[in-house]
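*Asks:* First the structure, which I've put down as structure tokens, then a few questions once you've had a look.
The values are calculated or read from the model by the stated rules, or taken from the named source; none is laboratory data. Everything quoted here is computed from the prediction, not taken from an experiment. FYI the Cβ positions are ideal-geometry reconstructions off the backbone, even for glycines, and counts take in every protein chain you see. Note: areas computed on protein heavy atoms with side chains; ligands, DNA, RNA excluded. Shrake-Rupley method; radii C 1.70, N 1.55, O 1.52, S 1.80 Å.
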Amino acid sequence: MERQFTKEIESLRLGEGEVFHGEGILAVTKALLQSGVSYVGGYQGAPVSHLLDVMVQARDYMDELGVHVEACTSEASAAAMLGASINYPARGAVTWKSVVGTNVAADALSYLASAGVMGGALIVLGEDYGEGGVIAQERSHAFAMKSLMWLLDPRPNLATIADMVERGFELSEASSTPVMMELRIRACHVRGSFVARDNVAPKVSTRHRLDGPPKEFIYDRLAHPPAIFRQEKLKSEVRLPAARRFIAERRLNEVFDGPEASVGLVVQGGLYNNLVRALRLLGLADDFGRCRVPIYVLNVVYPLVPEEVAAFSRDKQAILVLEEGQPEFLEQEIAAILRRAELQTRLHGKDLLQMAGDYTAELMVRGIARFLERHAPQLDSSSGASWLRSIQATKEKAVALLGALPQRPPTFCVGCPERPVFSAMKLVARDIGRPHVAMDVGCHAFASFEPFSQGNTLLGYGMSLASAAGVTPMQEKRAVAVMGDGGFWHNGLLSGVASSLMNKGDGVLIVMKNGYASATGTQELISSPPEEARAAAAGTSAVHADRTIESTLAGMGVKWLRTVNNYDVGAMATTYREAMTTGARGLKVIVAEGECQLERQRRLKPLVSRDLSEGRRVVRVKYGVDEDTCTGDHSCIRLSGCPTLTVKDNPDPLRRDPVATVIEGCVGCGLCGENAHAAVLCPSFYRAEVVRNPTALEKTLSTLRSAMQKIFQ
């Protein structure tokens, strides 16, 4: 895994009255156990990866409670797990990164929402909207409305988040409907505490098993005609009113009163912290969050409760809706509620705030100030204007001092095994020209940035080969698709490989086989090397221990199949050139093999530390550049892009061009030297071995060499 959650696992055992400290997403994990959850599944993805990672690592404790935990191969398989709650009183929870994960799970979720549930079903979504997001900028709200599933958006406070998990299960059971809970990045990683309760061993579990299916077969629990027509009516006529009653009776939404009752603010729960900060900057709230303007916090953003909205708005001249993203779902629904209630309260939202993007404190300060100028001019919000002027002045000073700062796009880790593949592709492109390259979600998408600048499409996880299907028949060169082993198992095998074979495609697929789902935290895959293989391969890559990908491809009928060591740039370039120019028709697959360097370093560092502490001989490979040989052309840097390969001032006073150098942090992957060799660049790279705890013979030889060097110098 990306990290060990030893402390977090222990906090899952906290009981009644003890205080839980940690991050928001870990509070969700604890709350699931307090809710008596029977089973948990999901697919990893920031910012909710920790939920599943912790439960997988705490499998022994989960077994004690009888909770089944499953790391699913996709969001679709996770969503399908919730089918257990349709016929049985078993509470289930699944998690994934939304909105992309929800798209993958859409088929199962639509049928689940139609059939309804008996046991509580909770879907924890990592809402990745705004400038910090790394996915297509869409919202989960639309999906909740489409399928009539309820959507929670809890205030970023650990006590509220934990409480909403438990209330979410109750809401699901009270309305026989799956419940989604979205957590923004800030909510997932906000730190705090809450008073824990005892964990509840589920009534239906791996320790308390069912004796079989329901005694009576109920056809209406299948999302299948003609039952689906009745289920559609149940959604709006039975389940929706039941959900609204539960939300109102349990007061899941919150109202924070303020003395300025002529105006009010309606806010998504997840934006509450930013709103209070904005009001504090405007001089309308204190350090403890007490505000002068009433706030209606929507911890449940769908469905709204018309009676609550009307009650909050009735005595107010105007309200401002703070809703992140587009379109303005909440604003439109609130407008309809006010109109039906014949209330004349003025409604503002996107007209005073921006339509798309993050609702930062700065943006809220501007929007709320405009709102108050119109409808509460008696309130002094001048401190907000002063703050805005001060940050603008700070920005101008920074620009004056530093100038325009260069962009810093993300890049591969030091020693990443995927970088050599793109170096080889760049070398071959010099001879045969640049082909269409379909990229995929994952680390390899970094190749779209300099110095590689390769990538023409990016359409979803495991979708690269499928996205290239329409390109190859219309171009002289074969299109190239790149995907990781995580994407291969998630979606690429069926949507890409199977489709290409069925349609007799003639493209090239490069599978980055690094052994893990690396971009999401190095979770294990079906093709990850077994634990004993990793332990045995202490100083080498452990990926070669598994051939599941190759055997699967061969079994499906791939005839042109090659496995190449990533770090051998020459061999990679030769294989890639052959794939692009061969007369053989059909799909050509290159399995580029090299263990994720982060995972490899995590595996090696404890072993090296142990050997050093026990006085054993340890050898570290280090690469460097001969300053006298370096020409200053820097082609090596343009082919590599490694952060540890950079430039420094030329030590020769007669030469002005800076020379290349390898700085500390080098992991000894050898790419810089391999590139220089494959591209026939200057022979300035050298390989050195740094020996710690050397043998007596090595010490003697080192002393002799030093003496000889002094003599010749």
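*Asks:* For Thr661, what residues show an amide H to amide H distance below 5 Å, using hydrogens built from the backbone and excluding near sequence neighbours?
*Replies:* Under 5 Å from the amide H of Thr661 lie the amide H atoms of Thr646, Val647, Lys648, each far enough along the sequence or on another chain.
*Asks:* Sticking with this one: Output the relative contact order of segment 257-376, whole-number percent, from Cα pairs under 8 angstrom with separation of 6+ residues.
*Replies:* RCO, segment 257-376: 31 percent.
*Asks:* Follow-up question, since we're still on this one. Please list, by residue number, every one of the chymotrypsin sites (Phe, Trp or Tyr not before Pro) in segment 249-312 that is coil in DSSP and has at most 15 other beta-carbon atoms within 10 Å.
*Replies:* Loop-located and lightly packed - Phe288.
*Asks:* Suppose all protein chains stay in the model; what accessible area per residue would a 1.4 Å probe give for the chain, in Å²?
*Replies:* Ligands and nucleic acids excluded, the result is 46 Å² per residue.
*Asks:* Would segment 427-504 count as rounded, prolate or oblate if I go by the C-alpha gyration tensor, calling it rounded below 1.5 in a/c and otherwise prolate when a/b exceeds b/c, oblate otherwise?
*Replies:* Here segment 427-504 falls in the oblate category.
*Asks:* May I ask you to derive the relative contact order of segment 429-509, considering only C-alpha pairs under 8 Å and at least 6 residues apart, and to give it as an integer percent?
*Replies:* Relative contact order here is 33 percent.
*Asks:* How large, in Å, is segment 395-473 by the Kirkwood hydrodynamic radius built from its alpha-carbon pairs?
*Replies:* About 14.7 Å for segment 395-473.
*Asks:* Compute the relative contact order of the chain as a whole-number percentage, counting only Cα pairs closer than 8 Å that sit 6 or more residues apart in sequence.
*Replies:* 10 percent
*Asks:* Can I ask one more? Just report the Cα centroid separation between segment 332-360 and segment 107-146, whole Å.
*Replies:* 23 Å
*Asks:* Moving on to the next point. Taking only the alpha-carbon atoms of segment 544-624, what semi-axes of the equivalent ellipsoid follow from 5 times the gyration tensor eigenvalues under a square root, in whole Å, largest first?
*Replies:* That gives 37, 16, 8 Å for the three semi-axes.
*Asks:* Among DSSP beta bridges whose residues both lie in the chain, state the antiparallel percentage, nearest 5.
*Replies:* 30 percent
*Asks:* Sort Asp220, Asp657, Asp211, Asp153 by accessible area with a 1.4 Å probe, largest first.
*Replies:* Largest accessible area first, the residues go Asp211, Asp657, Asp220, Asp153.
*Asks:* With charges only on Cβ, +1 for K and R and -1 for D and E, what is the dipole size of the chain about its Cα centre, in debye, rounded to 20?
*Replies:* Result for the chain is approximately 820 debye, rounded to the nearest 20.
*Asks:* What is the Cα radius of gyration of segment 270-322 over 2.2 N^0.38 Å, N being its residue count?
*Replies:* Rg over 2.2 N^0.38 Å, computed on Cα atoms: 1.23.
*Asks:* Counting other Cβ atoms within 10 Å, keep those with at most 12, restrict to DSSP loop, and tell me which chymotrypsin sites (Phe, Trp or Tyr not before Pro) in segment 190-220 are left.
*Replies:* Of the chymotrypsin sites (Phe, Trp or Tyr not before Pro), the ones in loops of segment 190-220 whose Cβ has at most 12 other Cβ atoms within 10 Å are Phe217.
*Asks:* Report, ordered by chain and residue number, the lysines lying within cross-link reach of Lys513, taken as a straight Cα distance under 21 Å and ignoring same-chain residues fewer than 8 apart.
*Replies:* Lys426, Lys559, Lys588
*Asks:* Can you tell me what the convex hull of the Cα atoms of segment 369-422 projects to on average, as an area in nm²?
*Replies:* 7.6 nm²
*Asks:* Something else now. What translational diffusion coefficient, to the nearest whole µm²/s, does segment 197-271 have by Stokes-Einstein, given a Kirkwood radius computed over alpha-carbon pairs, a temperature of 10 °C and 1.306 mPa s viscosity?
*Replies:* 89 µm²/s
*Asks:* Can you sort Val437, Val238 by 1.4 Å-probe accessible area, starting with the largest?
*Replies:* Val238, Val437
*Asks:* Can you give the convex hull volume of the alpha carbon atoms of segment 473-589 per residue, in Å³?
*Replies:* Normalising the Cα hull of segment 473-589 by residue number yields 112 Å³.
*Asks:* Is segment 602-713 best put as rounded, prolate or oblate by its Cα gyration tensor, with a ≥ b ≥ c the root eigenvalues, rounded for a/c under 1.5, and otherwise prolate when a/b is larger than b/c, oblate when not?
*Replies:* In terms of gyration-tensor shape, oblate.
*Asks:* Same structure again: Select from Leu322, Val591, Gln407 the residue farthest towards the positive end of the dipole of the chain; place +1 on Cβ of Lys and Arg, -1 on Cβ of Asp and Glu, and compute about the Cα centre.
*Replies:* It is Val591, whose Cα lies furthest towards the positive end.
*Asks:* Same structure, new question: Please report the Cα spread of segment 105-178 along all three principal axes, rounded to whole Å, starting with the longest.
*Replies:* 38, 32, 15
*Asks:* Here is a follow-up. Near Lys622, which lysines are there with a Cα under 21 Å away, not counting those fewer than 8 places off in the same chain?
*Replies:* In chain and number order, the partners are Lys605, Lys648, Lys699.
*Asks:* So how strong a dipole does segment 1-101 carry about its Cα centre when Lys and Arg Cβ are +1 and Asp and Glu Cβ are -1, to the nearest 20 debye?
*Replies:* Dipole size: approximately 220 debye.
*Asks:* Based only on Cα atoms, what Rg/Rh ratio does segment 71-143 have, Rh being taken as Kirkwood's radius?
*Replies:* Expressed as Rg/Rh, it is 1.00.
*Asks:* Accessible area, 1.4 Å probe, largest first: how do Ile295, Ile637 sort?
*Replies:* Reading off the accessible areas and sorting them downward yields Ile637, Ile295.
*Asks:* Sticking with this one: Quantify, in whole percent, the carbon and sulfur part of the accessible surface of the chain (1.4 Å probe; protein heavy atoms only).
*Replies:* In the chain, the share of accessible area belonging to carbon and sulfur is 54 percent.
*Asks:* Sticking with this structure for a sec: Taking the Cα centre of each part, how many Å lie between segment 581-637 and segment 193-239?
*Replies:* Each part's Cα centre sits 51 Å from the other's.
*Asks:* Continuing with the same structure: What's the longest uninterrupted piece of the chain once you rule out the GluC sites (Glu not before Pro) that are loop residues per DSSP with at most 10 other Cβ within 10 Å?
*Replies:* Excluding the exposed sites themselves, the longest stretch runs over 477-613.
*Asks:* Starting from the Cα gyration tensor of the chain, take the square roots of the eigenvalues, sort them a ≥ b ≥ c, and report rounded, prolate or oblate (rounded when a/c is under 1.5, otherwise prolate if a/b is larger than b/c, else oblate).
*Replies:* The shape class here is prolate.
*Asks:* Quick check: the angle from helix 569-581's long axis to the longest principal axis of the chain, C-alpha only, nearest 10 degrees?
*Replies:* That helix lies at roughly 70 degrees to the long axis.
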